[in-house]
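The values are calculated or read from the model by the stated rules, or taken from the named source; none is laboratory data. Keep in mind it's a predicted model, so treat the numbers as computed, not measured. Cβ placement follows ideal geometry from the backbone for every residue including glycine, while neighbour counts extend to all protein chains displayed. Please note that ligands, DNA and RNA were not included when accessible areas were found on the heavy atoms of the full protein model with its side chains. Shrake-Rupley method; radii C 1.70, N 1.55, O 1.52, S 1.80 Å.
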Amino acid sequence: MSAEKYYLLLNSESFYCDEKPLSTEAIKELSQLTETEEFKYDLGYQLAYDSEQFWQMEINESGCLSDVLDYDEVNILYLILSNAASIDNEKKKLMDCLDLCGTRGYYGLLSLGHDLKWQVAVLEDVKNIYDEESSKTHSLEYRQMLLKDRLYDKELFTTKLAVTSTSCPVKNIHFHDQFFSEFNKVSSEVQKFALQKLFFVIGGTDLDELSDRTYHSDDNIKDDKDKSNERKVYFSKVPKKIYRHHKSGGYSFYMEKEGKDVYVGKLTKHLSTKKYKKR
């Protein structure tokens, strides 16, 4: 299993429907849910299911999914599962799934919301997604987990993240070429400070609306070549100077928003200004 994702386990038991036909509308709603922005891009939910057993599970006295569903319903489910990861040893009983959730590699459940018993955002202390609202409820925490993992694991880190969601106006976060090394050299307290500011971004905070006290610019030194160059970083080897930054203790974290993109500059001890010389 890839360490890059925290999987949503498709809740097989939520397909049970006693003797009633499984609702085509419920399957369509599940399909529409997996097409929302929360399921897409670099920080989107990743679905997983048991590919060997899924179609053969009995959902009522009429038989298994492959017997009960009509042609159109089967096609809808195939489209949903085409973007899902296959887990060979998925636990077959819901309570076993619940034991897995919350551990490394598992985040929660994705349930068919046709029955009231599954229409809860938290089930037996495990996160459960069954509609757009419950998806949005858990999305930010999930995205924070993935972003944090990428910043601590060189194999997962990329200098560009597509982060679009309905709650976030930013489409991409660009990290400068040396950011991974820079981030992993500072203390855990400074890392927490940087993560908090990045969490603000993916949580929908507009950098342009932050006050000067918490997020301000060093643009008064733009005409000073030496001081200005202290703020120069490279994005895919292309130079760029980032002047706006957050401050905490003796550190500054540089980032600027341009349109729908955020460019992340240096995470460093305070740089030189007209009143201060870098140590």
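General observations
- Candidates Lys192, Lys222, Lys257, Lys237 - the one that is open to solvent by 30 Å² or more (accessible area, probe 1.4 Å), under 24 Å from Glu38 (Cβ atoms) and among the charged types (D, E, K, R): Lys257
- Scanning the stretch 141-171 for residues that are of a type in the set (D, E, K, R) and open to solvent by less than 20 Å² (accessible area, probe 1.4 Å) returns Arg143, Arg150.
- Test: residue in the stretch 39-56 that is more than 21 Å from Lys127 (Cα to Cα) and among the hydrophobic types (A, V, I, L, M, F, W, C): yes
- Every listed requirement among (1) open to solvent by less than 50 Å² (accessible area, probe 1.4 Å); (2) of a type outside the set (Val, Ile, Thr); (3) assigned to a loop (DSSP other than H, G, I, E, B); (4) modelled with pLDDT of 95 or more is met by Lys185 save one, (1).
- Extreme residue, surrounded by the fewest Cβ atoms within 10 Å (Cβ to Cβ), among residues of the stretch 195-215 that are assigned to a helix (DSSP H, G or I) and at pLDDT below 85: Glu209
- Options Lys148, Lys232: the member that is farther than 26 Å from Ala48 by Cβ and among the basic types (Lys, Arg): Lys232
- Meets criteria (charged (D, E, K, R), in a strand (DSSP E or B) and under 16 Å from Lys197 (Cβ atoms)) for Lys257: yes
- For beta carbons closer than 6 Å, sequence separation of 6+ or different chains, a first residue in the stretch 62-79 that is without any contact (Cβ under 8 Å) to a residue 40 or more places away in the chain and a second that is surrounded by 12 or more Cβ atoms within 10 Å (Cβ to Cβ) and assigned to a loop (DSSP other than H, G, I, E, B), the qualifying pairs are Cys64/Met57.
- Single match in His114, His138 (criterion: in a loop (DSSP other than H, G, I, E, B), of a type outside the set (Ser, Thr, Tyr) and either open to solvent by less than 10 Å² (accessible area, probe 1.4 Å) or under 18 Å from Leu30 (Cα atoms) (or both)): His114
- Matching residues in the stretch 117-135 - criterion: being in a helix (DSSP H, G or I) and either among the β-branched types (Val, Ile, Thr) or open to solvent by less than 60 Å² (accessible area, probe 1.4 Å) (or both): Trp118, Ser134, Ser135
- Meets criteria (of a type in the set (A, V, I, L, M) and more than 30 Å from Thr137 (Cα to Cα)) for Leu267: yes
- Just one of the listed residues (Ser51, Ser66, Ser2) is in a helix (DSSP H, G or I), more than 16 Å from Ser135 (Cα to Cα), modelled with pLDDT under 90 and of a type in the set (Gly, Ala, Ser), and it is Ser66.
- Filtered by the rule that a residue be at pLDDT below 90 and either among the β-branched types (Val, Ile, Thr) or in contact with an Asp or Glu (Cβ under 8 Å, 6 or more places away or on another chain) (or both), the stretch 123-144 gives a lone residue, Val126.
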